[in-house]
Amino acid sequence: QEPVTFEDVAVYLSHAEWEATAAAQRELYRSVMMDNYRLLTSLGYPGPKPDILHRMERGEEPWI
């Protein structure tokens, strides 16, 4: 059994999908993505912090 990675639990949105998302849903998305990463690191996830999280921390839009 392989360890879970951030990519296994991440949900990526396109620019169009992000634009169609309501403000409350955007905040929930940010919160869930950050929580997922925190949970993985608490379990010993050794990977680097994904770029999408760096962008969200800087207040940038997370769409790809």
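Taking the residues in the stretch 45-54 that are touching a residue at least 12 places away in the same chain (Cβ under 8 Å) and not hydroxyl-bearing (S, T, Y) as candidates, determine which candidate is nearest to E2 (Cα to Cα).
G47
Would you point out the residue of the stretch 5-24, among those that are among the small types (G, A, S), in contact with a Phe, Trp or Tyr (Cβ under 9 Å, 6 or more places away or on another chain) and in a loop (DSSP other than H, G, I, E, B), that is surrounded by the most Cβ atoms within 10 Å (Cβ to Cβ)?
That would be A10.
Can you tell me which residue in the stretch 14-40 is nearest to V4 (Cα to Cα), limited to those that are polar (S, T, N, Q) and touching a helix residue (DSSP H, G or I) at 6+ places or on another chain (Cβ under 9 Å)?
N36
Would you be able to tell me the number of residues in the stretch 1-29 that are within 8 Å of the chain's Cα centre (by Cα) and under 12 Å from W63 (Cβ atoms)?
Adding up the residues that qualify gives 3.
Can you pull out the residues in the stretch 46-58 that are under 18 Å from V11 (Cα atoms) and outside any helix (DSSP H, G or I)?
Within the stretch 46-58, G47, P48, K49, P50 meet the criteria.
A short reminder: the numbers here are calculations on the coordinates, not readings from a lab. Everything numeric here is computed off the predicted structure, so don't read it as measured data. Cβ atoms come from the backbone with ideal geometry, glycine included; neighbour counts cover every protein chain shown.
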